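No lab work stands behind these numbers, since they all come straight from the coordinates. This structure is a prediction, so every number in the text was calculated from the model and none was measured. Methodologically, a virtual Cβ is constructed for each residue, glycine included, from the backbone with ideal geometry; neighbour enumeration extends over all protein chains shown.
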Amino acid sequence: MFSYEIIPHPPLSSNRTMNAPDTQPACLMTNLGWLLGHANHVLGTEIARALAPLDLGARGFCVLSTALEREVTQKELGQEIGIDKTTLVVTLDELERKGLARRATSSTDRRARVIQVTEAGASKVAEGQAIVEAVQRDVLSVLPATERAAFLSALRRLNSDRLAEATACATAPRQREPRAA
């Protein structure tokens, strides 16, 4: 079994200080979108780095863990995870090449393809889940236990209610490009 060691978050170097939330203008520190986006980006990079030894990116881990132990079509999986069809196909091609997943005909609709996670894929999910949980524990450790529970509860409520569906708009917000290390 793969073990994950928490690597302390490095202090901000002088060339990264500009990106640190505590050095941002007050208007950003009260902007919910910016705060959630920044936190999502930084957490995503930490998880990607932690999953790298498994040769499994964060997107691959998300696809495998979401498809594990249930029949889900490619279309449903893409909608649940929030990735477009092309990106999902490329991710599935890579997972199939590595022997972690396979596409099969749906038992309820022969026109639809479902994702089946292989034994090797299930093993990667178990290893990856332990890693993701360790990173999340480390990140949340800066909050007192009562605040952690309240924070997670509030995010779950927002994501299942008010922020459950994206609003259609003419110019959708762009995803942030990864920063150079």
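Of the peptides 150-160, 44-54, 59-69, 120-130, the ranking by mean beta-carbon count within 10 Å, highest at the top, reads 59-69, 120-130, 44-54, 150-160.
Spin-label pair residue 158-residue 123: with each label point 7 Å from Cα along the Cα-Cβ axis, the two points sit 3.9 nm from one another. Taking label positions 7 Å along the Cα-Cβ direction at both residue 130 and residue 111, the computed distance is 4.4 nm, reported to one decimal. Each Cα pair under 8 Å and six or more residues apart adds its separation to the average, and for region 24-160 the resulting relative contact order is 23 percent.
Full extension of the chain between residue 149 and residue 76 yields a length gain of 23.3 nm, computed as 0.36 nm times the residue separation minus the alpha carbon distance.
Counted residue by residue at 0.36 nm each, then reduced by the alpha carbon distance between them, the extension gain from residue 171 to residue 42 reaches 44.0 nm.
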